[in-house]
Amino acid sequence: MSSTISVNNVNRIYSDAEGNKVNALYNVDLDIRPGEFISIIGPSGCGKTTLLRLIAGLDKPQSGELTIDGSRINDVSPERGYVFQQGGLFPWLNVENNIAYGLKARKVYKKNKDKISRYISMVGLDGFEKSYPHQISGGMAQRVAIARALINEPKALLLDEPMGALDSFTRADLQDKILELWKENGITMILVTHDIDEAIYLSDRIVIMTPRPGKISKIIDVDLPRPRHRGGSEFLSMRKSILEHFELAQAQPQPEYMI
Amino acid sequence: MNGQIALKGSLRNSAEKEKPTAEKKAKWGYRHNGYYALKALLTISGFVAAIIINIVFPQKAAVEFKTYVINALGLSVTLNINDAYIFVLVALILIFTGAGIVSLKDKEKRKKFCKAAAFRFALGIALAVWDIGGTKLQVFAQPFFPGPAQVIEAYLADGEYVVQNTLYSLRLYAAGFSSGVLLGVGTGILIGWFPKVYYWVFPILKITGVVPAVAWMPFALTLLPNSFTAAVFLIVICAWFQIAFLTAQGIQSTPKQNYEAARILGSSQLGLIFNVAIPHAMPDIFTGISSANAMAFTTLVMSEMLGQPGGLGYYINQSKVWSAYYKVLAAIVIMAVLFSLINYLIGRIRKRALRWQEGVLKK
Ligand SMILES: Nc1ncnc2c1ncn2[C@@H]1O[C@H](COP(=O)(O)OP(=O)(O)OP(=O)(O)O)[C@@H](O)[C@H]1O
Ligand SMILES: [Mg+2]
């Protein structure tokens with residue numbers, strides 16, 4: 001069902017409006033195990049989205065290589081589902097048709113029609129089949145986006161801050177939903193987040209990135225038993241050590257163009 | 001568990017308590033039956049007043065009230081033009097009464113009907129004033145401003161001929177506008193999607209698009225086999241440019257993320273055009289269609305006036321030669337009704353196609 005994704009010595013350089021080079025990813029190495037739940041955290045601009053887009057096949061590195069089960073990632077694939085930071089739904093399609101989009105695009109709609117209602121229930125959106133994206137809440141929209149990606153039965157699901165715009169209650173709900181879906185579907189999850197608690201609560205491993213140049217500065221194993229308790233002492237000490245790691249990174253001398 | 005049951009019980013109780021009172025005493029407004037009846041009365045009272053004035057007000061000016069024999073539906077009716085005017089008023093009263101009854105059950109329609117009441121009343125009064133000024137006293141300059149009875153006379157005198165010309169206009173419009181829409185949307189998609197097409201075709205579109213379509217008339221009339229195809233051609237180009245322009249814009253403004261999402265979900269290149277770019281461009285396509293529609297009316301009437309063997313524009317021209325201004329007015333009334341109907345139809349189609357936008361945009 002799931003698969004190994006590896007990122008080998010990848011560099012991605014952008015040039016900004018003034019023509020300056022921005023090293024969005026610098027010598028990034030990462031191996032993601034099948035069925036693993038991995039979180040990528042780090043401050044804004046450290047290259048989290050860039051890395052996720054490369055894994056998805058939406059973008060290509062200048063050097064280095066990304067592979068899935070040993071074969072090179074050259075293009076997008078329904079095997080790697082993607083949930084955008086925000087606004088990824090098609091506004092002209094209702095919830096049902098947004099979720100059905102992948103089936104229709106891959107021309108397997110007729111055979112799998114009955115899957116749609118199952119996936120709608122799976123993300124708890126019964127009764128909203130006919131609603132349009134602007135008529136539902138941000139949290140519901142992200143759940144639609146997740147169901148839309150999962151209906152293609154991907155090997156990996158890439159989530160770019162799917163909870164970034166949500167209040168803390170909706171956020172906690174959606175986190176539990178994502179965990180549940182992960183357990184049910186046994187797929188690899190790669191989650192980008194700003195939120196340390198979220199990363200600890202959900203992941204097997206946490207990848208910490210730092211900006212300018214964007215690189216992986218540490219990978220932490222979270223070997224806490226599930227279900228995890230956000231107030232537990234181990235949880236809090238892990239949180240503290242991650243925070244300390246960031247402070248350490250902050251304290252290091254920065255290039256002069258840092259704000 | 002207990003608490004839940006108790007809560008449900010209390011909810012039901014309060015709902016039962018409120019319901020009967022809410023039904024008995026609808027607030028004074030369009031939901032209230034008395035209010036609705038008053039508005040219905042207001043709606044028809046303008047037209048009733050117009051009838052009363054027509055009957056009671058003395059005929060001062062010397063106007064010849066011709067009588068026509070009408071053969072329709074196997075019946076032969078002899079009708080004086082003033083009676084025909086009264087018939088029209090009665091018909092309006094019946095239509096609005098019917099509308100009032102049909103709207104009775106539907107909340108939204110009820111609201112609309114009440115809202116329209118004052119305007120419909122004013123319409124009746126305006127007809128009465130026109131009747132006095134145009135027919136009874138003839139205070140307006142003649143023959144430029146005939147009364148309502150004379151305008152109706154045009155339909156009685158020229159009935160079949162007016163219908164023929166109206167159908168001619170409709171045929172011209174249908175042929176020209178539908179091909180214009182198809183061509184416009186088609187080229188718009190090509191321009192919006194293929195950068196090469198954009199590079200070569202868009203500048204031509206931009207420059208020729210500002211030229212009013214009728215300017216091409218001399219070429220159209222000489223180069224095309226007959227005047228009908230010439231007029232169709234003019235309507236096509238006037239609709240084409242506008243629609244192509246906006247369609248291309250709608251396609252090009254599709255957010256990159258929509259394409260990316262579709263590609264990841266397994267969409268083919270063709271799928272990106274038909275299931276992403278075109279749906280995204282739909283609002284712009286309809287804006288193009290609406291504004292092209294208004295220009296198509298202008299082009300239609302102008303080309304009819306300048307070189308067609310039929311149509312409402314042709315009828316206007318012909319009537320003007322005989323100084324039959326009441327016929328000119330009659331044709332204008334038909335245009336107003338016909339074009340409004342077409343606009344309404346397009347509006348309905350647009351609303352259906354863009355249902356997904358409902359509530360997003362400010363009304
Ligand atoms: N298309 C692009 N063109 C130019 N520069 C880009 C582009 N995309 C990203 N960058 C730059 O690359 C760097 C990393 O961007 P990225 O979007 O990956 O950050 P991020 O970690 O996802 O940030 P955030 O948490 O704010 O989403 C930033 O400095 C950004 O300005
Ligand atoms: Mg980002």
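The values are calculated or read from the model by the stated rules, or taken from the named source; none is laboratory data. Predicted model, so just to flag it, every value in this text is computed and none were measured. Cβ coordinates were reconstructed from backbone atoms using ideal geometry, including for glycine residues, and neighbour counts include every protein chain displayed.
Looking at A:Val207, is it away from chain B (no Cβ under 13 Å), closer than 30 Å to A:Ile13 by Cβ and not hydroxyl-bearing (Ser, Thr, Tyr)? In short, yes.
Restricting B:Arg350, B:Arg355 to those that are under 18 Å from the mean Cα position of the chain (by Cα) and within 14 Å of another protein chain (Cβ to nearest Cβ) reduces the list to B:Arg350.
Collect the residues in segment B:247-259 that are facing chain A (nearest Cβ under 7 Å) and either touching a helix residue (DSSP H, G or I) at 6+ places or on another chain (Cβ under 7 Å) or crowded, with 19+ Cβ neighbours inside 10 Å (or both), keeping them in residue-number order.
Looking only at segment B:247-259, we keep the residues that are facing chain A (nearest Cβ under 7 Å), and these are B:257-258.
Within segment B:247-259, B:Asn258 is the sole residue that qualifies.
Within segment A:15-46, being within 13 Å of ligand 2 (Cβ to nearest atom) and assigned to a strand (DSSP E or B) holds for A:Ala24, A:Leu25, A:Ile40, A:Ile41. Pairing each residue of segment A:151-174 that is within 16 Å of ligand 2 (Cβ to nearest atom) with any residue that is outside any helix (DSSP H, G or I) and of a type in the set (Asp, Glu), provided the two are 6+ apart or on different chains, yields C-beta distances under 8 Å for A:Met163/A:Asp195.
How many residues does segment B:80-105 hold that are closer than 23 Å to B:Ala37 by Cβ and at pLDDT 90 or above? Explain how you work it out, then say what you get.
We begin by selecting, within segment B:80-105, every residue closer than 23 Å to B:Ala37 by Cβ; these are B:89-105.
Then keep just the ones that are at pLDDT 90 or above; that gives B:89-103.
Summing the residues that are closer than 23 Å to B:Ala37 by Cβ and at pLDDT 90 or above in segment B:80-105 gives 15.
Of the set (1) at pLDDT below 90; (2) within 21 Å of B:Pro255 (Cα to Cα); (3) small (Gly, Ala, Ser), all apply to A:Ala145 but (1). Here A:Asp195 meets the list (1) away from ligand 2 (no atom under 16 Å from the Cβ); (2) of a type in the set (D, E, K, R); (3) away from every other protein chain (no Cβ under 14 Å) almost entirely, failing just condition (1). Just one of the numbered conditions (1) more than 23 Å from B:Gly34 (Cβ to Cβ); (2) over 21 Å from the mean Cα position of the chain (by Cα) is not true of B:Val163: (2). Of all residues in segment B:134-186, those satisfying the criterion of being of a type in the set (A, V, I, L, M), under 23 Å from B:Asn80 (Cβ atoms) and assigned to a helix (DSSP H, G or I) are B:Ala149, B:Val151, B:Ile152, B:Ala154, B:Leu156, B:Ala157, B:Val162, B:Val163. With respect to the conditions (1) within 19 Å of the chain's Cα centre (by Cα); (2) over 30 Å from B:Ser253 (Cβ atoms), B:Leu306 lacks only one, and its number is (1).
Summed over segment A:115-146, the residues that are within 12 Å of chain B (Cβ to nearest Cβ), surrounded by fewer than 22 Cβ atoms within 10 Å (Cβ to Cβ) and of a type in the set (Gly, Ala, Ser) give a count of 1.
If the requirement is being touching a Phe, Trp or Tyr at 6+ places or on another chain (Cβ under 6 Å) and not small (Gly, Ala, Ser), which of these qualifies: A:Leu158, A:Leu179, A:Leu236, A:Leu224? Spell out the reasoning first.
On the way: A:Leu179 fails: touching a Phe, Trp or Tyr at 6+ places or on another chain (Cβ under 6 Å); A:Leu236 fails: touching a Phe, Trp or Tyr at 6+ places or on another chain (Cβ under 6 Å); A:Leu224 fails: touching a Phe, Trp or Tyr at 6+ places or on another chain (Cβ under 6 Å).
Step by step, each of A:Leu158, A:Leu179, A:Leu236, A:Leu224 is checked, and only A:Leu158 is touching a Phe, Trp or Tyr at 6+ places or on another chain (Cβ under 6 Å) and not small (Gly, Ala, Ser).
Taken together, the criteria exclude B:Val232 from residues that are of a type in the set (Val, Ile, Thr), within 25 Å of the chain's Cα centre (by Cα) and closer than 30 Å to B:Ile70 by Cα. Applying the criterion of being more than 14 Å from B:Ala149 (Cα to Cα) and assigned to a helix (DSSP H, G or I) to the residues of segment B:44-89, the residue that is farthest from the chain's Cα centre (by Cα) is B:Val56. Among the residues making up segment A:10-53, those that are of a type in the set (D, E, K, R) and more than 9 Å from ligand 1 (Cβ to nearest atom) are A:Glu18, A:Lys21, A:Asp29, A:Asp31, A:Arg33, A:Glu36.
Take B:Tyr315 and decide whether it is in contact (Cβ under 8 Å) with a residue 60 or more places away in the chain, in a helix (DSSP H, G or I) and over 22 Å from B:Ser179 (Cα atoms).
Values: in contact (Cβ under 8 Å) with a residue 60 or more places away in the chain: yes; in a helix (DSSP H, G or I): yes; over 22 Å from B:Ser179 (Cα atoms): yes.
When the stated conditions are applied, B:Tyr315 passes them.
When B:Lys327 is tested against (1) within 14 Å of chain A (Cβ to nearest Cβ); (2) touching a residue at least 12 places away in the same chain (Cβ under 8 Å); (3) charged (D, E, K, R), just one condition goes unmet, and that condition is (1). Going by the conditions given, is A:Ile219 at pLDDT 90 or above, within 16 Å of ligand 2 (Cβ to nearest atom) and farther than 25 Å from A:Val76 by Cβ? When the stated conditions are applied, A:Ile219 does not pass them. The set of residues in segment B:237-261 that are of a type outside the set (Lys, Arg) and without any contact (Cβ under 8 Å) to a residue 40 or more places away in the chain comprises B:Ser253, B:Thr254, B:Pro255, B:Gln257, B:Asn258, B:Tyr259, B:Glu260, B:Ala261.
Which fully enclosed helices (runs of 4 or more DSSP H) of segment A:47-114 have 2 or more residues being without any contact (Cβ under 8 Å) to a residue 60 or more places away in the chain, more than 16 Å from ligand 2 (Cβ to nearest atom) and within 11 Å of chain B (Cβ to nearest Cβ)? Before you say what the answer is, go through the steps one by one.
Numbers: elements: A:48-56, A:95-105, A:109-112.
Where helices (runs of 4 or more DSSP H) fall fully within segment A:47-114 and carry at least 2 residues being without any contact (Cβ under 8 Å) to a residue 60 or more places away in the chain, more than 16 Å from ligand 2 (Cβ to nearest atom) and within 11 Å of chain B (Cβ to nearest Cβ), they are A:95-105.
Can we say B:Ala277 is of a type outside the set (Val, Ile, Thr), at pLDDT 90 or above, in a helix (DSSP H, G or I) and closer than 28 Å to B:Val210 by Cα? So that I can check it myself, show each step before the final result.
Working: of a type outside the set (Val, Ile, Thr): yes; at pLDDT 90 or above: yes; in a helix (DSSP H, G or I): yes; closer than 28 Å to B:Val210 by Cα: yes.
Spelling it out, B:Ala277 is indeed of a type outside the set (Val, Ile, Thr), at pLDDT 90 or above, in a helix (DSSP H, G or I) and closer than 28 Å to B:Val210 by Cα.
Within segment B:307-351, being of a type in the set (D, E, K, R) and farther than 18 Å from B:Tyr161 by Cα holds for B:Arg348, B:Arg350, B:Lys351. For segment B:265-308, the set of residues classified as on the phi > 0 side of the Ramachandran plot and either touching a strand residue (DSSP E or B) at 6+ places or on another chain (Cβ under 9 Å) or crowded, with 20+ Cβ neighbours inside 10 Å (or both) consists of B:Gly266 only. Close Cβ contacts (under 6 Å, 6 or more residues apart or on different chains) running from residues in segment B:262-288 that are within 11 Å of chain A (Cβ to nearest Cβ) and over 12 Å from B:Ile251 (Cβ atoms) to residues that are basic (Lys, Arg) and surrounded by fewer than 19 Cβ atoms within 10 Å (Cβ to Cβ) comprise B:Gly266/A:Arg106.
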